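A short reminder: the numbers here are calculations on the coordinates, not readings from a lab. Values in this document were obtained by computation on a predicted structure and should not be read as measured data. Quick reminder, even Gly has a Cβ in these numbers, built from the backbone with ideal geometry, and neighbours come from all protein chains shown.
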């Protein structure tokens, strides 16, 4: 038990020792941290104290040549004394107090006081730097501004040389530009006088004025010749050309009122005079831009003139063709209208059948009206040819559509007439075909002609008579006529096929019987079959006669049918 208490006591002692050691190091670390901060502030204070204000003030003493400069110098001295003897001393006192608080290890107060010292040091540094800049602005003025003025003089000499080398290009502006250059030279002299008197506050204004004047002169020297050339030669010549071209085109009856040429040219002349007035006082703001804008406008007028010439040429070509086409179309439509009643009566047409003709006529009337209105515009010169060109193209397109519709109508009427002509021609052909059938039947003296031949012949004759009746009707119903013609043609063709088949079958039967006669004396079956075939033949049953004769003869000759076909083909 005693051993346990001993171990516990030892542990407590060790823990206390560790805590004491840790606290010692913490205190030591805090002490070091705040002492480092104090030393850092002291360094910053010393840097401010070492600001070379006195050195710069010593440079000012030799250049004090007027009361204004002396007044500035005295103020700088007072400000520096205040910084050094009052504000810097205040910081020293605050640093001493800070050391005391650090020694006392009053770290809570140390943090607050360090912040106050930092603020004061920052304010003092800003004041010292500002004072130093003001003094240097004077001590370095001569060097700085002379460097600037040297560059400005170089620019000035270049500008002056450019002006002198091309003086004739400035025309009436030579004197104004020369005076401006002389003003710049006087400014350079003013600069030297001010520098000699060490009036550095005036130097700034003079240098700025020189910079602005030379920059302005760069624009003047560069742009004045171009502006004068544009305003006094190029644009007036362009205006003269446009006026001349405009008068010529007006005499040639070009409608150009929409361009408002005369008013715009007069406004352009006024604008040119305004720009020249600005140039005479060396105000070139937007002058070149305005001149270029006017030049672009004048050039666009030439494009408009050329467009009108081309449009007129195209218009006249299209209008010439259009006038011929519309006259021709009007005549065709009028001719159709003159014959429309006869056509309706001739072909049994109703209002719906001729509706396309009326539609074509309505559209044509509108086109004729629009064409007359357009010609009136041409006569009164109220519309430019660029617009008339589009109008005549539109009329041409519309007339083309009307012509296409008219072609359809004419084609429809023409088809009816063609159907009639074709029906008459086909009637002649059908009648000739029927005649051939009759002649062919007569040329073969068949013992008997079958009833179906006479039935088909009767039907064909009746169909032909129906075609003739339709052709004699007034009006002719084309659909009915075409049906009658097709029926007649089909019936005659059927009769023709029946005639050929009957004659050919009869020929083959006769040939088969004649061929089998050579075997009748030798073969009783052949003789019996041929007798039966002959009976059928003379009764008009040519097909059975052929079949029986071939069957009887094939007992002796199996190739009888092939022989007959070869013989018939010959």
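Quick one: go through the stretch 484-517 and flag any residue whose amide nitrogen is under 12 Å from the point 7 Å out along the Cα-to-Cβ line of residue 557. Answer for this model: 511-517.
For the pair residue 8 and residue 33, what calculated FRET efficiency results from E = 1/(1 + (r/R0)^6), where r is the Cβ-Cβ distance and R0 = 41 Å, to the nearest 0.05? Can you show the working numbers first?
Details: r = 37 Å, r/R0 = 0.91.
For residue 33 and residue 8, the calculated efficiency is 0.65.
Would you mind checking the stretch 285-300 for residues with the amide N under 18 Å from a putative spin-label position 7 Å along Cα→C-beta of residue 219? Answer for the stretch 285-300: 285-293.
Here the simple spin-label model places points 7 Å from the Cα toward Cβ, and for residue 237 and residue 522 these points are separated by 12.6 nm.
Could you calculate the FRET efficiency of residue 440 with residue 486 from 1/(1 + (r/R0)^6), where r is the beta carbon distance between them and R0 is 30 Å, rounded to 0.05? Walk me through the numbers on the way to the answer.
On the way: r = 24 Å, r/R0 = 0.79.
According to the calculation, E is roughly 0.80.
What FRET efficiency, computed as 1/(1 + (r/R0)^6) with R0 = 30 Å and r the Cβ-Cβ distance, is obtained for residue 377 and residue 244, rounded to the nearest 0.05? It comes out at approximately 0.70. In plain terms, the chain from residue 226 to residue 205 could stretch by 4.3 nm, reckoned as 0.36 nm per residue minus the Cα-Cα distance.
Mean separation of Cα pairs under 8 Å and 6+ residues apart, divided by the residue count of the stretch 144-285: what relative contact order is that in percent?
On the way: 60 pairs, mean separation 44.6, N = 142.
Relative contact order of the stretch 144-285: 31 percent.
Using 0.36 nm per residue and subtracting the Cα-Cα separation, the extra length available between residue 405 and residue 125 on full extension is 90.7 nm. Distances between every pair of Cα atoms in the stretch 155-265, grouped in 5 Å steps from 0 to the bin holding the largest one, split as 2, 10, 16, 13, 10, 9, 8, 7, 7, 6, 5, 3, 2, 2, 1, 0 percent.
Ranked by Cβ crowding within 10 angstrom, fewest neighbours first, how are 163, 289 ordered?
289, 163
Put simply, the C-alpha atoms of the stretch 517-560 give a gyration tensor, and the ellipsoid matching it has half-axes of 18, 11, 6 Å, longest first. Length gained on full extension, residue 309 to residue 535: 71.3 nm, using 0.36 nm per residue less the C-alpha separation.
Restricting the calculation to Cα atoms, the stretch 202-242 shows an Rg/Rh of 1.39 when the hydrodynamic-style radius is the Kirkwood one.
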